[in-house]
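Just so it is clear, none of the values below were taken in a lab; they were calculated from the coordinates. All values reported here derive from a predicted model rather than from experimental measurement. Reconstructed Cβ throughout: ideal geometry from the backbone, glycine too, with neighbour counts over all protein chains shown.
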Amino acid sequence: DSGVTQTPKHLITATGQRVTLRCSPRSGDLSVYWYQQSLDQGLQFLIQYYNGEERAKGNILERFSAQQFPDLHSELNLSSLELGDSALYFCASSVGREIYEQYFGPGTRLTVT
Amino acid sequence: ILNVEQSPQSLHVQEGDSTNFTCSFPSSNFYALHWYRWETAKSPEALFVMTLNGDEKKKGRISATLNTKEGYSYLYIKGSQPEDSATYLCALDNFGNEKLTFGTGTRLTIIP
């Protein structure tokens, strides 16, 4: 158990809908990262927040957005969902200074039908 | 677009044998290389973070080396055990912004 929690574990929704994925980092970690794992691709970095502010951005679609709250939990919002958004979404956290290991949560499996 | 390559893609090793596999990456703007172990139905687990050329890290039977000048890292597993079966991922941080680019992994299966 990495100490990172993600909810929900599974999510099934229809095209065009909007969903929110939630992540709570390990106690004391200030950085949160979001990754997408699709069937045909490796782990893709989406976005990073550090202590409430966006720090780095990857190949995140405009339909997707994220935020980190004062209590350091983070939410990833996915809107106007398409079939291709079906994937495993991981959240990871780290202390967030210099070079630290990232600890991954169990993931949320999103299925868009 | 960064190209982080891992080889081989998959590997079957007899229990008790030692093995190694490779992660290759662009050597420019290197900042750090991460290794992760990812078991089926679980989440990636951090093994090592390596930053210095010539660095060598060890955790039990698993060790890793780093050559930043030529752009590669090796992961070694000594005396493979069935519980070592997993996908091993490397990931490059090339600007120090913790934005990791992952390789596609080496899927290791240990044959009892």
Exercise. To the nearest whole number, what is the average tally of beta carbon atoms from other chains within 10 Å of the beta carbons of peptide B:40-50?
Worked result: 5
Problem set entry | For A:38-47, mean number of other protein chain Cβ atoms within 10 Å | 3
For this session: Starting with the highest mean, order A:53-60, B:23-30 by the number of other Cβ atoms within 10 Å, averaged over the residues of each peptide.
Result: B:23-30, A:53-60
Problem set entry | Highest average packing first - B:37-48, A:1-12, Cβ atoms within 10 Å | B:37-48, A:1-12
Exercise. For the protein assembly as shown, what is the largest minus smallest coordinate of the Cα atoms on each principal axis, given in angstrom and ordered from greatest to least?
Worked result: 49, 36, 33
Seminar exercise, completed: The summed charge of the A:Val112 Cβ neighbourhood (under 13 Å; Lys/Arg +1, Asp/Glu -1) stands at +1
Exercise. For segment A:1-87, what is the largest minus smallest coordinate of the Cα atoms on each principal axis, given in angstrom and ordered from greatest to least?
Worked result: 36, 25, 24
Exercise. If you place +1 on the Cβ of every Lys and Arg and -1 on the Cβ of every Asp and Glu, how big does the dipole about the Cα centre of the protein assembly as shown come out, in debye to the nearest 20?
Worked result: 120 debye
Exercise. Once phi is turned into θ = phi - 60°, what whole-Hz ³J(HN,Hα) does the Karplus curve with 6.51, -1.76 and 1.60 give for every residue of segment A:41-51, x standing for Gly and Pro?
Worked result: 9, x, 5, 10, 6, 9, 6, 10, 10, 10, 6
For this session: Rank A:Gln102, A:Gln37, A:Gln17 by mean-square fluctuation in a GNM of chain A with C-alpha springs under 10 angstrom and give only the top-ranked residue.
Result: A:Gln17
For this session: Would you mind working out the magnitude of the charge dipole of segment B:8-106 relative to its Cα centre, with +1 at each Lys and Arg C-beta and -1 at each Asp and Glu C-beta, to the nearest 20 Debye?
Result: 140 debye
For this session: With a 10 Å radius around each residue's Cβ, average the other Cβ atoms per peptide and rank B:96-108, B:71-83, highest first.
Result: B:96-108, B:71-83
Seminar exercise, completed: Plugging the Cβ-Cβ distance of A:Ile60 and B:Thr51 into 1/(1 + (r/R0)^6) at R0 = 30 Å yields, to the nearest 0.05, a FRET efficiency of 0.65
Seminar exercise, completed: Residue span B:His12 to B:Glu39: 0.36 nm per residue of separation minus Cα-Cα distance leaves a gain in nm of 8.2 nm
Exercise. Which entries of B:Lys57/B:Lys99; A:Lys9/B:Lys78; A:Lys57/B:Lys59 show an alpha-carbon separation above 25 angstrom in the structure shown?
Worked result: A:Lys9/B:Lys78; A:Lys57/B:Lys59
Exercise. Roughly how crowded by other chains is peptide A:1-9, in terms of the mean Cβ count from those chains within 10 Å of each of its Cβ atoms?
Worked result: 1
